[in-house]
Structure formats: structure tokens, C-alpha cells
1. Eight or more residues apart or on different chains, and alpha-carbon atoms under 22 Å: count the Lys pairs in segment 11-166 matching that.
2. How long is the chain along each principal axis, judged by its Cα atoms, biggest number first, in Å?
3. Find, among the trypsin sites (Lys or Arg not before Pro) in segment 33-115, those assigned to loop by DSSP (not H, G, I, E, B) with at most 13 other beta-carbon atoms within 10 angstrom.
4. Label Met110 and Asn50 with points 7 Å out from Cα along Cα→Cβ: what is the distance between them in nm?
5. Just to be sure I understand: if I project the alpha-carbon convex hull of segment 72-133 onto a plane and average over all orientations, what area do I get in nm²?
6. Output the relative contact order of the chain, whole-number percent, from Cα pairs under 8 angstrom with separation of 6+ residues.
7. Regarding segment 33-83, what is the average projected area of its C-alpha convex hull, in nm²?
8. Could you work out [θ]222 nm for the chain from helices alone, using -39500 (n - 2.57) per DSSP H run of at least four and dividing by all its residues? Round to the nearest 500 deg cm²/dmol.
Amino acid sequence: MNFQISGLHERHFQHLFGQTSEVLAKHGVERITVDSRPGYPCRVSLKDVNIGETVLLMNYKHLPALSPYRSSHAIFVMEGAKGAIFGKNHIPEMLRNRLLSVRAFDANEMMVDADVVDGLDLEPIIERMFSIELVDFLHIHNAKRGCFMARAVSGRSISPIYLGTE
């Protein structure tokens, strides 16, 4: 089964890029200089950020609907990041080298299934979850820290345009 993985759209974060620490603090955001790689995965570009570059650490509502699974968590966004568009069945390298929690949701944002997997073995979990008829989309999280990493949609939902969370 075909799938497509996407990150968050940069337009949600552009107003924070280049701001002073004082302005960022008013939004609950911290600027961090990257000191190791991997370690700071950008949720917009879906790449590990290079040492010496800066990321913004903030809370983000990745599941905003009014459901029991409504959720937000800390994420990193590289300053100036541009959204990434990946082709069908492409797994970003950022996901390959982590232990992941994959959560399947229906159209009402109710969890249907969940599993933990080494990023190198992500495809079979995605295929298994999308074989469940009720599943509308997947959220992929860092299993250790719980942070939202990316979203996946199935072949029945893939469109040629950017699929980032609105």
C-alpha cells in the first residue's frame, strides 16, 4: 500500500524566526544552538539539524481536535526551515535512526491502533496500520521522549500538494 509522510508547514512558525529571546519567551519558545547530530530533528524539514545551527523548541498541538486524544508536545523547528515534500513510500532519514511510536487514527481523531518500532522497520507497520479500513492517518512519534515527529497518509489520501498539518 502506498503512503506519504509529511512534516509541519513552515507558515506556522515563520513569525518566530529571527525573534529576540525576549519575544520568543512570551510565546513559550526557546532558541537552542545544536550541539550534536542526530539529536535535534526539525518537524518542518524532517531532517536532523546540523551542529551550530539554531532550532526553536516549543510546544505544538499536533492533534488539535476535540477528542480524548487531543494532544500537544515539545518539537524542534530549525530557524528558517522550509517544508519538505516526499514522494510516495519515502521514509525520511530522520525517522530511520530512532525508536518510534506509530499511532493510527480514524477521521474523528480517535486512536485505532498503536505500535513501537525501530525506524529501520517502519514500512511494515505503516502498511499494517493502513490495511485497517478505519485508519485515516498516522502520527509518528519519538518513542523515548514522546515528541511528535511526522504524519503519514495512505494511498487513498495522497495528493500531489504539500500534506503538512494545517
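Nothing in this text is a laboratory measurement; each read-out follows from the coordinates by a stated rule. None of these values were measured; they are calculated from a predicted model. Every residue, glycine as well, gets a Cβ built from its backbone with ideal geometry; the counts of neighbours run over all protein chains shown.
1. Qualifying lysine pairs in segment 11-166: 7.
2. Cα extents, longest axis first: 47, 33, 31 Å.
3. Answer by residue number: Arg70, Lys82, Lys88.
4. For Met110 paired with Asn50, the spin-label model returns 4.8 nm.
5. It is 5.6 nm².
6. Computed value for the chain: 27 percent relative contact order.
7. 3.8
8. Values: 3 runs with 19 residues, N = 166.
Here the helix-only value at 222 nm equals -2500 deg cm²/dmol.
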